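The values are calculated or read from the model by the stated rules, or taken from the named source; none is laboratory data. These numbers come from a predicted model, not from an experiment. Here the Cβ positions follow ideal geometry from the backbone for every residue, glycine too, while neighbour counts run over all protein chains shown.
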Amino acid sequence: MSYFQSLGLRQEPFSTSPDPGFFYQSPQHKAVFFRLRTAIELRRGLSVVLGDVGTGKTTLSRKLSLALADDRSIIPVMSLQPFYETDVLFLQEMCRRFGVRTRPGAGMNVPAYLQEIEKFLFDKCVREKKNAVLLIDEAQKLTDPCLEILRSLLNYETNEHKTLQLVLLGQMELLPRLERMANFFDRIACKAVIAPLDEESVRRLVDFRVRQAGYTHREPLFTEAALGAVYAATLGYPRKVSMLCHDALERVVMRSGTHVLYEDVEAALDVQRAWRQPAHNMQAV
């Protein structure tokens, strides 16, 4: 029997994979999701969402991608690792993902690719009334030439709207780079920053994820003291919350317990602290 089944769970509640089904939408996540959907629906062009590592940007992007895929009027493309050594490779991948037909041979350079994409966007988004959306996670990995390509694509528009909807989600280090590109930064129609969760949202996140995983008991799986310790140790970063809660659940199973206590969280933290020590000081925990 797996550890989560022994606690009355159907599946792992604190996986670090960005499963949209386990994405707890805090008030700020709901607000950002709504703003992104609105910007896409109104075809306002460029949206940028920034946040520190582990604040839930990738899971938000997956949830948005799933929502867009359910709309037949939208042509969604999602990029998860957007590092390309050259702008030509970036354009080639964009054409492949959108299904843009390009001329074979070595004559395709940046202007030629841009021309083919412009024709594609006009056919799909003007003639066929579709909405092309490019969603890029980990956008801080984009090189400056690739950002310049995206700036060029944002120039494609009708009298009413942009023909490409671009959503960038990245770490805070992307902000100064965008600010230095005034002709790019000024085009951002929707700006949002995702901050860590407050203590109440952490409590609701933990309860949401264990309930999603099948926990049905009326009494919470995590005690109040345990949740307080989780928040104090993670400061509201969802990824850190999930990793710590997973480790604490393992401690509960090891002692054949039924609820996560403050001591379980502290025991899990002891292991994490040990890994931060120099190798010669580490002890088995």
Within the range 253-273, considering residues that are of a type in the set (Ser, Thr, Tyr) and closer than 14 Å to THR223 by Cβ, the one surrounded by the most Cβ atoms within 10 Å (Cβ to Cβ): TYR262
Matching residues, the range 120-147, being in a helix (DSSP H, G or I) and acidic (Asp, Glu): ASP123, ASP144
Any hit, the range 195-214, residues being touching a residue at least 40 places away in the same chain (Cβ under 8 Å) and either under 30 Å from ALA112 (Cβ atoms) or part of a strand (DSSP E or B) (or both): no
Test: residue in the range 165-185 that is of a type in the set (Gly, Ala, Ser) and under 21 Å from ALA112 (Cα atoms): no
Qualifying residue in the range 86-106 (condition: touching a Cys at 6+ places or on another chain (Cβ under 8 Å) and not charged (D, E, K, R)): yes
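From the set of residues in the range 212-246 that are of a type outside the set (S, T, N, Q) and under 13 Å from PHE4 (Cβ atoms), which is modelled with the lowest pLDDT?
Within the range 212-246, the subset of a type outside the set (S, T, N, Q) is 213-215, 217-222, 224-233, 235-241, 243-246.
So of that shortlist, the ones also under 13 Å from PHE4 (Cβ atoms) come out as 213-215, 221, 245-246.
Values: ALA213: 92, GLY214: 93, TYR215: 89, LEU221: 94, CYS245: 95, HIS246: 94.
If we take residues in the range 212-246 being of a type outside the set (S, T, N, Q) and under 13 Å from PHE4 (Cβ atoms), then TYR215 is modelled with the lowest pLDDT.
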Residue list for the range 59-82, filter: modelled with pLDDT under 90 and in contact with a Leu (Cβ under 9 Å, 6 or more places away or on another chain): PRO82
Selection count, the range 10-57, where residues are among the aliphatic types (A, V, I, L, M) and under 22 Å from ARG72 (Cβ atoms): 4
Restricting the range 90-110 to residues that are among the hydrophobic types (A, V, I, L, M, F, W, C) and either under 17 Å from ALA132 (Cβ atoms) or out of contact with any helix residue (DSSP H, G or I) (no Cβ under 9 Å at 6 or more places or on another chain) (or both), the residue that is modelled with the lowest pLDDT: ALA106
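Every residue in the range 165-194 that is charged (D, E, K, R) and either in contact with an Asp or Glu (Cβ under 9 Å, 6 or more places away or on another chain) or in a helix (DSSP H, G or I) (or both), please.
Step one: list which residues in the range 165-194 are charged (D, E, K, R), which gives 173, 177, 179-180, 186-187, 191.
Passing the criteria: ARG177, GLU179, ARG180.
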Every residue from the range 255-285 that is part of a helix (DSSP H, G or I) and modelled with pLDDT of 90 or more: TYR262, GLU263, ASP264, VAL265, GLU266, ALA267, ALA268, LEU269
Search result, residues across the range 27-72 that are free of Cβ contacts under 8 Å to residues at least 12 places away in the same chain and among the basic types (Lys, Arg): LYS30, ARG72
ARG10 vs. criteria surrounded by fewer than 13 Cβ atoms within 10 Å (Cβ to Cβ) and either over 15 Å from THR59 (Cα atoms) or among the small types (Gly, Ala, Ser) (or both): yes
Residues being hydrophobic (A, V, I, L, M, F, W, C), more than 20 Å from ARG203 (Cα to Cα) and surrounded by 14 or more Cβ atoms within 10 Å (Cβ to Cβ) - total across the range 13-41: 5
Residue within the range 124-146 that is loosely packed, with under 14 Cβ neighbours inside 10 Å, in contact (Cβ under 8 Å) with a residue 24 or more places away in the chain, within 23 Å of HIS29 (Cβ to Cβ) and hydrophobic (A, V, I, L, M, F, W, C) present: no
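Tell me, yes or no, whether the range 192-202 has at least one residue that is modelled with pLDDT of 90 or more and farther than 19 Å from PRO27 by Cα. Write out each step before concluding.
Within the range 192-202, the first condition is being modelled with pLDDT of 90 or more, and the residues that meet it are 192-202.
Adding the requirement that they be farther than 19 Å from PRO27 by Cα leaves none.
No, because not a single residue in the range 192-202 is modelled with pLDDT of 90 or more and farther than 19 Å from PRO27 by Cα.
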Hits in the range 140-160 (condition: out of contact with any Asp or Glu (no Cβ under 9 Å at 6 or more places or on another chain) and charged (D, E, K, R)): LYS141, ASP144, ARG151, GLU157, GLU160
